[in-house]
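Participant: Below is a structure I'd like to ask you about.
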Amino acid sequence: MNRVWSTSIMQQIVFMGPFVILFTLITAIPFTFGIYYSFTNWNGLSDKMPWVGIDNYKFIFTNDTQFLHSLWFTIRFTFVSVILCNVIGFIIAYFVSKPLKSRNVLRTLFFMPNVIGGIILGFIWLFIYSQGFSTIGEYSGIAFFNLPWLGNETTAFWALVIVFVWQAVGYIMVYYISGLANVPRDLIEAATIDGAKTPQILRDVIFPMIMPSITVCIFISTVAAFKSFDLNYALTKGGPFLSTESIAMNIYTEAFAKNNMGLGAAKAIVFFFIVMIISIIQVYLTKKREVQV
């Protein structure tokens, strides 16, 4: 009995105990309080928390048009960004996995934007869009650089997509490099000997073999795009006219700028379940296509 206690149970306590305690303190308890606040009209400062039931949730789906607009903007932003991140990330990973002399340098260069914080990155690109592009457009006459990148809803949307993809693609590239490194060389050689061309090898050999990496990359990029806040805040501040306000910015504004902590908490709970449901569906669909060697 003592031996069992000293091995199995103690190992679980030693290795899992600190994680369970931290998860409970940092995630579980605040999340539980958040659910409670979502049923109140708390302003975040007062000692009184008037109970309002599901009124906050009714207001979100019936009267809060800006929340629904932010949700729609975030869904469109996530859909476009996830596709571009994964397509470009895979293409870069595919080519830097080739036996190039400069592949380590290229991998470092592509990964570097990911180590820059979102706020700093936003201010850098704010200068590029407002000063750099206009200067290049003035001397070159190329219409692309003369667009009002942060001046209207359409161009501001694509301005945010470009910066998000530019930052995230290096991180996604690393996962695809790892997946490509695990593809058995003999399968590719056998397909090549049988006369398969590069598109056929990609479709029938490489993509099925790297499906675990695709699952992880789509999941990571989806969650990151849904939670996008710092880029929007630094680059557009939700403008022009709140057209690029992400759902995370909408929740922040409601809870901390307007001091409607109860309504902000209700929006956060709705946001949590939307991301959770989409993530579960995505992981379920992509894992079904994974193959075992």
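The values are calculated or read from the model by the stated rules, or taken from the named source; none is laboratory data. All figures in this text were calculated on a predicted structure; none of them were measured in a lab. A quick note on method: Cβ atoms are made from the backbone with ideal geometry, for glycine too, and the neighbour counts reach across all protein chains shown. When the accessible area is computed, the model is the full protein with side chains, heavy atoms only, and any ligands, DNA or RNA have been set aside. Shrake-Rupley method; radii C 1.70, N 1.55, O 1.52, S 1.80 Å.
Participant: Over the range 58-288, what percent of the accessible surface lies on carbon and sulfur atoms, probe 1.4 Å?
Facilitator: 71 percent
Participant: Loop-only check: which chymotrypsin sites (Phe, Trp or Tyr not before Pro) in the range 81-165 are DSSP coil with at most 16 other Cβ within 10 angstrom?
Facilitator: Nothing satisfies the criteria.
Participant: Over the alpha-carbon set of the range 58-288, work out the extent along each principal axis and list the three values in angstrom, largest first.
Facilitator: Answer, in whole Å and largest first: 65, 50, 26 Å.
Participant: Given labels modelled 7 Å from the Cα in the Cβ direction, how far is it in nm from residue 135 to residue 36?
Facilitator: Distance between label points: 5.5 nm.
Participant: What pairs from 48/258; 267/288; 237/267 go past 28 Å between their alpha carbons?
Facilitator: Flagged as over cut-off: 267/288.
Participant: Go ahead and set up a Gaussian network model of the chain, Cα springs under 10 Å, then flag whichever of 146, 260, 86 fluctuates most.
Facilitator: 146
Participant: Run the numbers for residue 20 and residue 55: contour at 0.36 nm per residue of separation, minus the present Cα-Cα distance, in nm.
Facilitator: Extending this stretch completely gives an extra 9.2 nm.
Participant: Provide the solvent-accessible area of residue 227, counting protein heavy atoms only and rolling a 1.4 Å probe, rounded to the nearest 10 Å².
Facilitator: The accessible area comes out at roughly 120 Å².
Participant: Could you put 100, 202, 121 in order of accessible surface area, largest first, with the 1.4 Å probe and the full protein assembly present?
Facilitator: So, going from the largest accessible area down, we get 100, 202, 121.
Participant: Another question, if that's okay. At 7 Å along the Cα-to-beta-carbon direction for both residue 102 and residue 187, put a label point, then send me their distance in nm to one decimal.
Facilitator: So the two model labels end up 3.2 nm from each other.
Participant: If the chain between residue 72 and residue 273 were fully stretched, how many nm would it gain, using 0.36 nm times the residue separation less the Cα-Cα distance?
Facilitator: Going from the current span to full extension adds 70.8 nm.
Participant: What distance in nm lies between label points placed 7 Å from Cα along the C-beta direction at residue 127 and residue 196?
Facilitator: The answer from the label model is 4.8 nm.
Participant: Hydropathy first: keep DSSP H helices in the chain averaging at least 1.0 on Kyte-Doolittle, then drop any whose Cα extent along the axis falls short of 20 Å, and list what survives.
Facilitator: Correct list, ordered by number: 65-96, 153-181, 211-226, 261-287.
Participant: With all protein chains present and a 1.4 Å probe, how do 275, 216 order by accessible area, largest first?
Facilitator: The residues order as 216, 275, largest area first.
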